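K.L.:
Pasting a structure below so you can have a look.
The values are calculated or read from the model by the stated rules, or taken from the named source; none is laboratory data. Just so it is clear, the model here is predicted, and its values are computed rather than measured. No Cβ is skipped: glycine too gets one built from the backbone with ideal geometry, and neighbour counts run over all protein chains shown. These accessible areas exclude ligands, DNA and RNA; they are computed on the full protein's heavy atoms, side chains included. Shrake-Rupley method; radii C 1.70, N 1.55, O 1.52, S 1.80 Å.
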Amino acid sequence: MATAAEQWVLVEMVQALYEAPAYHLILEGILILWIIRLLFSKTYKLQERSDLTVKEKEELIEEWQPEPLVPPVSKDHPALNYNIVSGPPSHKIVVNGKECINFASFNFLGLLDNTRVKEAALKSLKKYGVGTCGPRGFYGTFDVHLDLEDRLAKFMKTEEAIIYSYGFATIASAIPAYSKRGDIVFVDSAACFAIQKGLQASRSDIKLFNHNDMADLERLLKEQEIEDQKNPRKARVTRRFIVVEGLYMNTGTLCPLPELVKLKYKYKARIFLEESLSFGVLGEHGRGITEHFGINIDDIDLISANMENSLASIGGFCCGRSFVIDHQRLSGQGYCFSASLPPLLAAAAIEALNIMEENPAIFAVLKEKCKRIHKALQGISGLKVVGECISPAFHLQLEDSTGSREKDVRLLQEIINQCMDRSIALTQARYLEKEEKCLPPPSIRVVVTVEQTEEELEKAAAIIKEVAQSILL
């Protein structure tokens, strides 16, 4: 009987084993293996550690050296040895006590020292005071801000515009306001640092394409299209952006906007266009690269530009459709958390717009002067001109690098110093070398304005040639 009972119990156990859920069996198996491992594993006795004496502790503390808070910087670094400007950096500029012709400041239309602009700013200063002491959402919105936004929207022929109090923060705030983690941004490798910071803040998936290489951009778009077909559910919630500059700060070249618009519609992407250099420069009325190429501005999802170049003020703006711009009023960090633009600078920008609208011929004058000096600087032994002939800001780079960036920088700085001794003010293009995604080669940046006379343009070109040949040959 006992044997039969035992057999019955065994049968029940086997039957229960078959009927038990799989996860239950797996869990029991893991527990059994873990118990076996604990039974047969070796045990180690922790070594007893004697406490340090007070003297030994003091010696260790005295020997310890913290890591430096910042890396060592040479006293010769350009950022620590800046030039000092006395007076307005307009047509003529006084640098370190010496008067020079200004080929360094982005005062393209010569409005920085314009009498009408200064009077408008002074009138606003007397009415509103110096600053605002608050963001736009906290008693920082003045009527002059709304007037400027309205004027910018009408000038650019868009539904709405929004202004920021700092030019760099404009595109750096606009990008992360729309592009989030999981979205995809196709960006030109020559994009300026403000765009790079905006992309970094967005935490999006960044795909760089070769500078102005539409074939390379289309290759990336096609690759993404194939990936989207593999995972259509994810593709439906993933937004795709193309971020470019109208006129590139780092290269002085135009973006091929007509081709970009075609790719936008072909691959269902959105275009963000940064126009800080092209606004107030390109186009019959200075509306930028869309007017230059005759592109419908509604084909561009967002346009941004600063007001620190052609308008000779401070801050920046974005313009586009109302529902796009209104979103920045809720999530544009530079708009929501920075004190708003001082009213006097908004008034100055409005008056600068008035002058631009009253005198559209000024843009043709600027274009001709750009072409003149661009042509005059061709054929310099050891230097090459980089940038479009209609760009008011272009670069002079070494034809052959020495193989050392530091040596290249020193050579170019020597050219700048000798030009300044002969009353021509130039500057090097500066970069945060360790943070740039694609670090451009060292260069001298030449800036053209409408105030420079033909004689001054020819004189500057001749001096640059002479100095470059004496140093580089």
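K.L.:
Go through (1) on the phi < 0 side of the Ramachandran plot; (2) in contact with an Asp or Glu (Cβ under 8 Å, 6 or more places away or on another chain); (3) open to solvent by less than 10 Å² (accessible area, probe 1.4 Å) and name the single condition Thr253 misses.
P.N.:
Of everything listed in (1) on the phi < 0 side of the Ramachandran plot; (2) in contact with an Asp or Glu (Cβ under 8 Å, 6 or more places away or on another chain); (3) open to solvent by less than 10 Å² (accessible area, probe 1.4 Å), Thr253 misses just condition (3).
K.L.:
Moving to a separate point now. Please give the number of the condition Asp298 fails out of (1) under 17 Å from Leu148 (Cβ atoms); (2) assigned to a helix (DSSP H, G or I); (3) of a type in the set (Asp, Glu).
P.N.:
(1)
K.L.:
Are any residues in region 356-375 open to solvent by 20 Å² or more (accessible area, probe 1.4 Å) and among the aliphatic types (A, V, I, L, M), and if so, which ones?
P.N.:
Keep residues of region 356-375 that are open to solvent by 20 Å² or more (accessible area, probe 1.4 Å), which gives 357-362, 364-365, 367-369, 371-372, 374-375.
Answer for region 356-375, where residues must be open to solvent by 20 Å² or more (accessible area, probe 1.4 Å) and among the aliphatic types (A, V, I, L, M): Ala361, Ile362, Ala364, Val365.
K.L.:
Further question: Please determine, by comparing only the residues of region 445-460 that are within 30 Å of the chain's Cα centre (by Cα) and of a type in the set (D, E, K, R), which one is most open to solvent (accessible area, probe 1.4 Å). Quick ask: steps written out before the conclusion?
P.N.:
Within region 445-460, the first condition is being within 30 Å of the chain's Cα centre (by Cα), and the residues that meet it are 445-452.
Checking which are of a type in the set (D, E, K, R) leaves us with 445, 451.
Values: Arg445: 27, Glu451: 62 Å².
Of everything passing the filter in region 445-460, Glu451 is most open to solvent (accessible area, probe 1.4 Å).
K.L.:
Hey, another quick one. Being surrounded by 13 or more Cβ atoms within 10 Å (Cβ to Cβ) and free of Cβ contacts under 8 Å to residues at least 60 places away in the same chain is true for just one of Asn83, Asn107. Which residue is that? Break it down stepwise before answering.
P.N.:
Numbers: Asn107 fails: free of Cβ contacts under 8 Å to residues at least 60 places away in the same chain.
Residue meeting the stated conditions: Asn83.
K.L.:
In addition: How many residues does region 215-245 hold that are under 30 Å from Ser391 (Cβ atoms) and either of a type in the set (Lys, Arg) or part of a helix (DSSP H, G or I) (or both)? Let's see the steps before the verdict.
P.N.:
Here is the first cut: in region 215-245, the ones under 30 Å from Ser391 (Cβ atoms) are 215-221, 240-245.
If we keep only those that are either of a type in the set (Lys, Arg) or part of a helix (DSSP H, G or I) (or both) as well, we get 215-221, 240.
Final tally of qualifying residues: 8.
K.L.:
List pairs: first in region 359-377 and touching a residue at least 40 places away in the same chain (Cβ under 8 Å), second in a helix (DSSP H, G or I) and open to solvent by less than 20 Å² (accessible area, probe 1.4 Å), Cβ under 6 Å, 6+ apart or cross-chain?
P.N.:
Close Cβ pairs (under 6 Å, with a partner that is in a helix (DSSP H, G or I) and open to solvent by less than 20 Å² (accessible area, probe 1.4 Å)) amount to Arg372/Leu457; Ile373/Leu457; Ile373/Ala461; Ala376/Ala461; Leu377/Ala461.
K.L.:
Are any of the residues in region 387-410 open to solvent by 60 Å² or more (accessible area, probe 1.4 Å) and more than 30 Å from the chain's Cα centre (by Cα)?
P.N.:
Filtering region 387-410 for residues open to solvent by 60 Å² or more (accessible area, probe 1.4 Å) gives 388, 399-403, 405-407, 410.
Imposing the further condition that a residue be more than 30 Å from the chain's Cα centre (by Cα) reduces the set to none.
No; the residues of region 387-410 include none that is open to solvent by 60 Å² or more (accessible area, probe 1.4 Å) and more than 30 Å from the chain's Cα centre (by Cα).
K.L.:
Right, here's the next one. Can you name the condition, by its number, that Ser304 falls short on among (1) assigned to a strand (DSSP E or B); (2) surrounded by fewer than 14 Cβ atoms within 10 Å (Cβ to Cβ)?
P.N.:
So the condition that Ser304 fails would be (2).
K.L.:
Another question about this same structure. Among the helices (runs of 4 or more DSSP H) contained in region 102-179, which hold 1 or more residues that are in contact with a Cys (Cβ under 7 Å, 6 or more places away or on another chain) and either under 30 Å from Ile271 (Cα atoms) or among the small types (Gly, Ala, Ser) (or both)?
P.N.:
Values: elements: 115-128, 143-156, 167-178.
Per the criteria, 143-156, 167-178.
K.L.:
Still on this model: Restricting attention to region 58-111, which residues are under 30 Å from Gly283 (Cβ atoms) and of a type in the set (Val, Ile, Thr)?
P.N.:
Taking region 58-111 as the starting set, the residues that turn out to be under 30 Å from Gly283 (Cβ atoms) are 88-93, 101-111.
Result: Ile93, Ile101.
K.L.:
Just checking, which of Glu12, Glu67, Glu62, Glu48 is over 30 Å from Ala312 (Cα atoms), modelled with pLDDT under 80 and either in the same structural domain as Glu455 (by the TED database) or open to solvent by 100 Å² or more (accessible area, probe 1.4 Å) (or both)? Give the steps one after another, and end with the answer.
P.N.:
On the way: Glu12 fails: either in the same structural domain as Glu455 (by the TED database) or open to solvent by 100 Å² or more (accessible area, probe 1.4 Å) (or both); Glu67 fails: modelled with pLDDT under 80; Glu62 fails: modelled with pLDDT under 80.
Testing whether each residue is over 30 Å from Ala312 (Cα atoms), modelled with pLDDT under 80 and either in the same structural domain as Glu455 (by the TED database) or open to solvent by 100 Å² or more (accessible area, probe 1.4 Å) (or both) leaves just Glu48.
K.L.:
Being part of a loop (DSSP other than H, G, I, E, B) and of a type in the set (D, E, K, R) is the filter here, so list the residues in region 246-279 that pass it. Before you say what the answer is, go through the steps one by one.
P.N.:
Quick first cut of region 246-279, residues part of a loop (DSSP other than H, G, I, E, B) only: 246, 248-253, 255-256, 268-269, 275-279.
Those that are part of a loop (DSSP other than H, G, I, E, B) and of a type in the set (D, E, K, R): Lys268, Glu275.
K.L.:
Separate question: So which residues in region 325-343 are open to solvent by 40 Å² or more (accessible area, probe 1.4 Å) and either of a type in the set (A, V, I, L, M, F, W, C) or outside the structural domain of Leu122 (by the TED database) (or both)?
P.N.:
So the first thing to find is which residues in region 325-343 are open to solvent by 40 Å² or more (accessible area, probe 1.4 Å), and the list is 326-327, 329-330, 333, 337-339.
Matches in region 325-343: Leu330, Phe337, Ala339.
K.L.:
Would you mind listing the helices (runs of 4 or more DSSP H) fully within region 340-444 where at least 3 residues are among the β-branched types (Val, Ile, Thr)?
P.N.:
On the way: elements: 343-358, 361-376, 405-421.
So the answer is 361-376, 405-421.
K.L.:
May I pose another question? Based on this model, can you work out whether Ile93 counts as among the hydrophobic types (A, V, I, L, M, F, W, C), open to solvent by less than 50 Å² (accessible area, probe 1.4 Å) and either out of contact with any helix residue (DSSP H, G or I) (no Cβ under 9 Å at 6 or more places or on another chain) or modelled with pLDDT under 90 (or both)?
P.N.:
Details: among the hydrophobic types (A, V, I, L, M, F, W, C): yes; open to solvent by less than 50 Å² (accessible area, probe 1.4 Å): yes; either out of contact with any helix residue (DSSP H, G or I) (no Cβ under 9 Å at 6 or more places or on another chain) or modelled with pLDDT under 90 (or both): yes.
Criteria met by Ile93.
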